[in-house]
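Here is the structure we will look at, set down as structure tokens.
The values are calculated or read from the model by the stated rules, or taken from the named source; none is laboratory data. Here the structure is a predicted model, which is why all the values come from computation and not from measurement. Cβ sites come from the backbone with ideal geometry, for glycine too, and all protein chains shown count toward neighbours. Note: areas computed on protein heavy atoms with side chains; ligands, DNA, RNA excluded. Shrake-Rupley method; radii C 1.70, N 1.55, O 1.52, S 1.80 Å.
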Amino acid sequence: MTQPRSEQHREDGRTAASGRSAIDVSGLELTYSDGTEAVAGVNMTIPSGEFFGFLGPNGAGKTTTIKVFATLLSQTGGEVRVNGFDVTDNPRKVRESIGYMAQKTSVDLELTARENIRFACEAYGVPRGERAERVDELLELVDLADVAGKEAEEFSGGMQKRLDAATALVHRPPLVFLDEPTTGLDPKARNRLWEYFQRINDEGTTIFLTTQYLEEADQLCDRLAVILDGEIVADGSPAELKREVGGEVLDVEVEDGEAARERATEIARTFDEFGEDATVSVTEEGISVTAREARQHGTDLLVALRDAGLTVTGFNIRAPTLDDVFLAIMGEEENEADGIESEAEQ
Ligand code: ATP
């Protein structure tokens with residue numbers, strides 16, 4: 001990355017703050033009562049209408065952040081405005097202006113699709129006279145109109161998720177939080193939900209998505225932020241993040257199992273031609289090297305691996321994906337942590 005991260009975030013914040021924001025966060029901190037610092041100074045501005053992706057490994061602080069935005073947890077530091085309302089001063093207004101699709105569906109399996117949506121209308125205080133029309137409209141939107149009278153327990157996992165998403169939208173919130181909405185679904189069901197999320201975003205709804213699937217983030221999101229240990233360590237559009245990784249990716253297949261892959265990793269990590277920014281990760285088949293000079297020096301690495309007695313069974317050069325972005329970020333953080341450790345040891 002060419003710029004110090006803190007500067008990038010200040011710059012982004014300034015640019016986006018000029019438009020109307022769905023979410024405006026400055027210096028957000030949340031330390032749990034046992035001392036766990038789950039969120040440690042997050043700044044972000046999400047303009048209305050954006051499809052925003054929030055990524056990070058398990059335990060990075062994603063759910064904690066969403067819970068603060070949805071007023072389910074109170075922050076221990078910083079300021080958060082959601083749809084213009086301060087989460088501390090105006091939690092009710094915030095709740096009325098958001099939809100929240102939690103990881104676990106809140107669909108009642110004994111009720112029909114229509115009854116589930118009607119029930120959500122009552123719970124969110126949709127005026128009685130508007131309910132029937134709203135229910136029909138949402139059934140249509142999530143393609144469940146044909147099975148509106150069937151009990152939800154007869155539905156597939158994907159259909160239940162679509163119904164759950166519909167119930168989060170009954171009060172027409174301008175902002176919707178989707179916390180890992182497609183986890184556990186097969187690719188077909190996932191694709192169907194993607195279409196639906198895209199549709200509601202096209203109609204103007206701001207979406208805040210967390211997902212484990214980087215391909216999902218790549219397909220859907222206008223902009224992404226990556227959180228690690230409670231801090232945002234990268235943000236930008238998927239294309240920008242891929243460009244920041246820089247260069248290309250060299251995938252190398254190596255025979256003879258884990259020990260050979262580890263040996264190959266060691267050799268690639270100490271291979272000076274790739275430069276300091278190169279990252280190396282172990283894959284199922286071998287190793288993956290991301291470097292500006294991957295194409296120019298790829299064959300030299302293959303020779304070095306062969307000279308070390310390893311059997312290379314295949315290789316490929318390709319453009320970086322979001323998975324590579326993620327691996328590069330994680331690798332960089334590891335290196336920085338190592339640096340701190342070795343400085344401390346001196
Ligand atoms: P996942 O993808 O696993 O849901 P996450 O990125 O959403 O992870 P959080 O659930 O926000 O991460 O957790 C952030 C940190 O806070 C972790 O170290 C977690 O163990 C800790 N944590 C979460 N809830 C609590 C709690 N109630 N009390 C103490 N620590 C907590």
Mean Cα-pair separation over length for the chain, i.e. relative contact order, pairs under 8 Å, 6 or more apart, %
17
Does anyone have the angle between helix 157-167 and the longest principal axis of the chain? Alpha-carbon axes, 0 to 90°, nearest 10?
50
On the protein heavy atoms, probe 1.4 angstrom, tell me the percent of accessible surface of the range 247-319 carried by carbon and sulfur.
43
Please report the antiparallel percentage of DSSP beta bridges with both residues in the chain, rounded to the nearest 5.
70
Could you work out which residue, out of P91, P238, P181, moves most in a Gaussian network model of the chain, that is, has the largest mean-square fluctuation with Cα springs under 10 Å?
P91
Angle, helix 113-123 long axis vs. longest principal axis of the chain, Cα atoms, 0 to 90°, nearest 10?
80
Answer in debye to the nearest 20: the dipole magnitude of the range 247-319 about its Cα centre, from +1 Lys/Arg and -1 Asp/Glu charges placed on Cβ, is 140
Could you identify which residue out of F271, F54, F197 has the top mean-square fluctuation in a GNM of the chain using Cα springs shorter than 10 Å?
F271
Heavy atoms only, 1.4 Å probe, whole protein assembly: order E180, E284, E216, E231 by accessible area, highest first.
E284, E231, E180, E216
Using Cα positions and a limit of under 16 Å, work out the lysines in reach of K93, with same-chain residues fewer than 8 apart set aside.
K67
Over what distance in Å are the Cα centres of the range 143-201 and the range 268-287 separated?
41
Shape box of the range 217-289 [Cα atoms, principal axes, largest first, Å]
41, 25, 24
Where nothing but the Cβ of Lys and Arg (+1) and of Asp and Glu (-1) is charged, how large is the charge dipole of the chain around its Cα centre, in debye to the nearest 20?
1740
Not counting ligands, DNA or RNA, and with a 1.4 Å probe, what is S33's accessible surface area in Å² rounded to the nearest 10?
130
Proportion of all alpha-carbon pairs of the range 247-319 beyond 15 Å (%):
43
Cα extents of the range 46-90 along the three principal axes, largest first, in whole Å?
31, 28, 16
Report the dimensions of the chain along its three principal axes from the alpha-carbon atoms, largest first, rounded to Å.
77, 43, 38
Rank these by accessible area, largest first, 1.4 Å probe: T270, T205.
T270, T205
Long-range tail of P(r) for the range 47-194 (Cα pairs > 20 Å, %)
52
Between the Cα axis of helix 257-269 and the main Cα principal axis of the chain, the angle (0 to 90°, nearest 10) is 80
Positive dipole terminus of the range 70-176, leading residue within L139, Q103, V80 (C-beta point charges)
V80
Provide R199, R128, R223 ordered by accessible surface of protein heavy atoms (probe 1.4 Å), highest first.
R128, R199, R223
